Amino acid sequence: MKTIQPAELAQLMSDGKSIELIDVRTPVEYAQVHVDGARLMTLDQLDPEVLKTGDPARPIYTICKAGKRGEQACEQLTAAGFTNVINVVGGTDAAAAAGVPVIRNRKVMSLERQVRIAAGTLVLTGAILSATVHPGFIWLSGFVGAGLIFAGVTDTCGMGMMLAKMPWNRQ
(Lines give C-alpha, C1' and ligand atoms only; values in the text may rest on other atoms or scores of the structure.)
Protein backbone atom coordinates (compact mmCIF):
# COMPACT_ATOMS: atom_id res chain seq x y z
CA MET A 1 0.00 0.00 0.00
CA LYS A 2 1.25 3.44 -0.90
CA THR A 3 1.31 6.23 1.66
CA ILE A 4 1.96 9.94 1.71
CA GLN A 5 3.16 12.03 4.62
CA PRO A 6 0.89 14.96 5.58
CA ALA A 7 3.67 17.46 4.78
CA GLU A 8 3.88 16.05 1.23
CA LEU A 9 0.10 16.37 0.89
CA ALA A 10 0.31 19.97 2.11
CA GLN A 11 2.96 20.65 -0.54
CA LEU A 12 0.84 19.12 -3.33
CA MET A 13 -2.11 21.24 -2.28
CA SER A 14 -0.07 24.44 -1.98
CA ASP A 15 1.35 23.76 -5.46
CA GLY A 16 -2.23 23.87 -6.73
CA LYS A 17 -2.35 20.20 -7.72
CA SER A 18 -5.86 18.85 -8.16
CA ILE A 19 -6.14 15.80 -5.95
CA GLU A 20 -8.95 13.38 -5.26
CA LEU A 21 -9.06 12.98 -1.48
CA ILE A 22 -11.64 10.60 -0.03
CA ASP A 23 -12.45 11.02 3.68
CA VAL A 24 -13.76 7.69 5.02
CA ARG A 25 -14.78 8.81 8.52
CA THR A 26 -18.33 9.18 9.80
CA PRO A 27 -20.40 12.19 8.72
CA VAL A 28 -20.21 13.64 12.23
CA GLU A 29 -16.40 13.37 12.32
CA TYR A 30 -16.24 14.95 8.87
CA ALA A 31 -18.53 17.80 9.95
CA GLN A 32 -16.31 18.53 12.92
CA VAL A 33 -13.07 18.89 10.93
CA HIS A 34 -11.97 17.81 7.47
CA VAL A 35 -9.29 18.61 4.94
CA ASP A 36 -10.43 21.37 2.60
CA GLY A 37 -11.56 19.69 -0.62
CA ALA A 38 -11.90 16.20 0.87
CA ARG A 39 -14.90 14.23 -0.32
CA LEU A 40 -16.87 12.31 2.31
CA MET A 41 -17.45 8.64 1.53
CA THR A 42 -17.75 6.69 4.79
CA LEU A 43 -15.84 3.43 4.99
CA ASP A 44 -19.01 1.38 5.41
CA GLN A 45 -20.49 3.00 2.29
CA LEU A 46 -17.34 3.20 0.18
CA ASP A 47 -18.46 2.60 -3.40
CA PRO A 48 -15.59 2.09 -5.84
CA GLU A 49 -18.04 2.31 -8.76
CA VAL A 50 -18.70 5.98 -7.95
CA LEU A 51 -14.98 6.67 -8.27
CA LYS A 52 -14.58 4.80 -11.58
CA THR A 53 -14.46 7.79 -13.88
CA GLY A 54 -11.60 8.44 -16.21
CA ASP A 55 -8.16 6.94 -15.70
CA PRO A 56 -8.07 4.02 -13.19
CA ALA A 57 -4.38 4.78 -12.57
CA ARG A 58 -5.03 8.37 -11.42
CA PRO A 59 -4.04 8.95 -7.80
CA ILE A 60 -6.79 8.59 -5.22
CA TYR A 61 -5.88 9.62 -1.69
CA THR A 62 -7.70 8.25 1.37
CA ILE A 63 -7.83 9.86 4.79
CA CYS A 64 -9.51 9.13 8.11
CA LYS A 65 -8.90 10.29 11.68
CA ALA A 66 -5.59 8.55 12.37
CA GLY A 67 -4.89 6.17 9.48
CA LYS A 68 -6.46 2.73 10.04
CA ARG A 69 -9.77 3.28 8.21
CA GLY A 70 -7.81 4.95 5.42
CA GLU A 71 -5.73 1.78 5.09
CA GLN A 72 -8.89 -0.32 4.92
CA ALA A 73 -10.28 1.98 2.21
CA CYS A 74 -7.03 1.60 0.23
CA GLU A 75 -7.39 -2.17 0.41
CA GLN A 76 -11.00 -2.00 -0.83
CA LEU A 77 -10.14 0.33 -3.70
CA THR A 78 -7.11 -1.72 -4.72
CA ALA A 79 -9.27 -4.86 -4.72
CA ALA A 80 -11.73 -3.01 -6.97
CA GLY A 81 -8.99 -2.42 -9.57
CA PHE A 82 -7.57 0.98 -8.70
CA THR A 83 -3.79 0.93 -9.08
CA ASN A 84 -2.74 4.25 -7.55
CA VAL A 85 -4.39 4.46 -4.13
CA ILE A 86 -2.49 6.39 -1.46
CA ASN A 87 -3.26 6.68 2.25
CA VAL A 88 -2.45 9.84 4.21
CA VAL A 89 -0.24 8.73 7.13
CA GLY A 90 -1.66 9.82 10.47
CA GLY A 91 -5.00 10.90 9.01
CA THR A 92 -6.77 14.20 9.46
CA ASP A 93 -5.17 14.89 12.84
CA ALA A 94 -1.65 14.67 11.39
CA ALA A 95 -2.65 16.57 8.26
CA ALA A 96 -4.01 19.49 10.28
CA ALA A 97 -0.85 19.50 12.42
CA ALA A 98 1.29 19.56 9.24
CA GLY A 99 -0.46 22.65 7.90
CA VAL A 100 -2.86 21.04 5.43
CA PRO A 101 -5.84 23.41 5.12
CA VAL A 102 -8.80 22.10 7.13
CA ILE A 103 -12.35 23.25 7.69
CA ARG A 104 -13.48 23.22 11.33
CA ASN A 105 -17.09 23.29 12.36
CA ARG A 106 -18.98 22.24 15.46
CA LYS A 107 -17.41 20.13 18.18
CA VAL A 108 -18.84 16.61 18.56
CA MET A 109 -18.07 13.60 20.71
CA SER A 110 -15.54 11.37 18.98
CA LEU A 111 -16.41 7.79 18.11
CA GLU A 112 -13.49 6.58 20.24
CA ARG A 113 -14.89 8.40 23.27
CA GLN A 114 -18.35 6.94 22.62
CA VAL A 115 -16.82 3.43 22.58
CA ARG A 116 -15.05 4.04 25.89
CA ILE A 117 -18.30 5.29 27.49
CA ALA A 118 -20.36 2.37 26.14
CA ALA A 119 -17.76 -0.26 27.12
CA GLY A 120 -17.34 1.20 30.61
CA THR A 121 -21.10 1.35 31.12
CA LEU A 122 -21.53 -2.30 30.09
CA VAL A 123 -18.65 -3.49 32.30
CA LEU A 124 -19.95 -1.57 35.31
CA THR A 125 -23.53 -2.78 34.69
CA GLY A 126 -22.33 -6.39 34.49
CA ALA A 127 -20.36 -6.03 37.72
CA ILE A 128 -23.26 -4.42 39.62
CA LEU A 129 -25.83 -6.93 38.34
CA SER A 130 -23.56 -9.87 39.20
CA ALA A 131 -23.16 -8.57 42.76
CA THR A 132 -26.82 -7.69 43.33
CA VAL A 133 -29.00 -9.85 41.04
CA HIS A 134 -27.21 -12.99 39.85
CA PRO A 135 -23.55 -13.98 39.59
CA GLY A 136 -24.09 -14.98 35.94
CA PHE A 137 -24.17 -11.32 34.93
CA ILE A 138 -20.38 -11.25 35.32
CA TRP A 139 -20.30 -12.69 31.79
CA LEU A 140 -21.46 -9.31 30.47
CA SER A 141 -18.27 -7.72 31.81
CA GLY A 142 -16.22 -10.64 30.50
CA PHE A 143 -17.80 -10.37 27.06
CA VAL A 144 -16.99 -6.65 26.82
CA GLY A 145 -13.45 -7.29 28.05
CA ALA A 146 -12.96 -9.97 25.40
CA GLY A 147 -14.30 -7.57 22.76
CA LEU A 148 -11.81 -4.91 23.84
CA ILE A 149 -8.94 -7.41 23.64
CA PHE A 150 -10.10 -8.48 20.16
CA ALA A 151 -10.33 -4.83 19.08
CA GLY A 152 -6.81 -4.17 20.34
CA VAL A 153 -5.31 -7.23 18.65
CA THR A 154 -7.08 -6.83 15.29
CA ASP A 155 -7.37 -3.03 15.27
CA THR A 156 -11.05 -3.52 14.37
CA CYS A 157 -13.76 -2.38 16.76
CA GLY A 158 -17.21 -3.94 16.36
CA MET A 159 -18.70 -1.62 18.96
CA GLY A 160 -17.27 1.37 17.11
CA MET A 161 -18.78 0.14 13.84
CA MET A 162 -22.17 -0.26 15.52
CA LEU A 163 -21.99 3.16 17.16
CA ALA A 164 -21.02 4.75 13.82
CA LYS A 165 -24.42 3.66 12.47
CA MET A 166 -26.37 5.32 15.29
CA PRO A 167 -28.56 8.31 14.35
CA TRP A 168 -26.50 10.83 16.34
CA ASN A 169 -23.44 9.85 14.27
CA ARG A 170 -25.25 10.48 10.99
CA GLN A 171 -26.23 13.75 9.42
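Let me spell it out: the conditions are (1) more than 19 Å from the chain's Cα centre (by Cα); (2) assigned by TED's automatic domain parsing to the domain that holds Ala164, and Asn84 meets all of them except one. Which number is the exception?
(2)
Out of the residues in segment 1-55 meeting the condition of being hydroxyl-bearing (Ser, Thr, Tyr) and modelled with pLDDT under 85, tell me which one is nearest to Gln76 (Cα to Cα).
So, considering only residues that are hydroxyl-bearing (Ser, Thr, Tyr) and modelled with pLDDT under 85, the one nearest to Gln76 (Cα to Cα) is Thr53.
Tell me, which residue of segment 23-75 that is among the hydrophobic types (A, V, I, L, M, F, W, C) and surrounded by fewer than 18 Cβ atoms within 10 Å (Cβ to Cβ) is nearest to Gln5 (Cα to Cα)?
That would be Ala66.
Kindly state which helices (runs of 4 or more DSSP H) lie completely within segment 44-111 and contain at least 2 residues that are small (Gly, Ala, Ser).
68-79, 91-97
One residue is enough: does segment 126-133 have a residue meeting the conditions touching a residue at least 12 places away in the same chain (Cβ under 8 Å) and outside the structural domain of Val28 (by TED's automatic domain parsing)?
yes
Among the listed residues Thr125, Thr92, identify the single one that is at pLDDT 95 or above and of a type in the set (S, T, N, Q).
Values: Thr92 fails: at pLDDT 95 or above.
Step by step, each of Thr125, Thr92 is checked, and only Thr125 is at pLDDT 95 or above and of a type in the set (S, T, N, Q).
Looking only at segment 115-171, count every residue that is farther than 16 Å from Arg25 by Cα and of a type outside the set (A, V, I, L, M, F, W, C) and tell me the total.
Number satisfying all stated conditions: 16.
Output yes when any residue across segment 149-167 is polar (S, T, N, Q) and within 24 Å of Ala66 (Cβ to Cβ), and no when none is.
Looking for residues that are polar (S, T, N, Q) and within 24 Å of Ala66 (Cβ to Cβ), one finds at least one in segment 149-167, hence yes.
Return yes or no: is Glu29 in contact (Cβ under 8 Å) with a residue 24 or more places away in the chain, in a helix (DSSP H, G or I) and not basic (Lys, Arg)? Give the steps one after another, and end with the answer.
Numbers: in contact (Cβ under 8 Å) with a residue 24 or more places away in the chain: yes; in a helix (DSSP H, G or I): yes; not basic (Lys, Arg): yes.
Considered against the rule, which asks whether it is in contact (Cβ under 8 Å) with a residue 24 or more places away in the chain, in a helix (DSSP H, G or I) and not basic (Lys, Arg), Glu29 comes out as yes.
I'm told Ala31 meets every condition in (1) more than 14 Å from the chain's Cα centre (by Cα); (2) under 26 Å from Gly158 (Cβ atoms) except one. Can you identify the failing condition by its number?
The number of the failed condition is (1).
Would you check if there is a residue in segment 115-125 being free of Cβ contacts under 8 Å to residues at least 24 places away in the same chain, surrounded by fewer than 16 Cβ atoms within 10 Å (Cβ to Cβ), in a helix (DSSP H, G or I) and hydroxyl-bearing (Ser, Thr, Tyr)? Before the answer, list the steps.
Of segment 115-125, the ones free of Cβ contacts under 8 Å to residues at least 24 places away in the same chain are 116-117, 120-125.
The next check asks that each one be surrounded by fewer than 16 Cβ atoms within 10 Å (Cβ to Cβ); those that pass are 116-117, 120-121, 124-125.
Checking which are in a helix (DSSP H, G or I) leaves us with 116-117, 120-121, 124-125.
Subset that is hydroxyl-bearing (Ser, Thr, Tyr): 121, 125.
Looking for residues that are free of Cβ contacts under 8 Å to residues at least 24 places away in the same chain, surrounded by fewer than 16 Cβ atoms within 10 Å (Cβ to Cβ), in a helix (DSSP H, G or I) and hydroxyl-bearing (Ser, Thr, Tyr), one finds at least one in segment 115-125, hence yes.
The values are calculated or read from the model by the stated rules, or taken from the named source; none is laboratory data. Just so you know, these numbers come straight off a predicted model, no measurement behind them. FYI the Cβ positions are ideal-geometry reconstructions off the backbone, even for glycines, and counts take in every protein chain you see.
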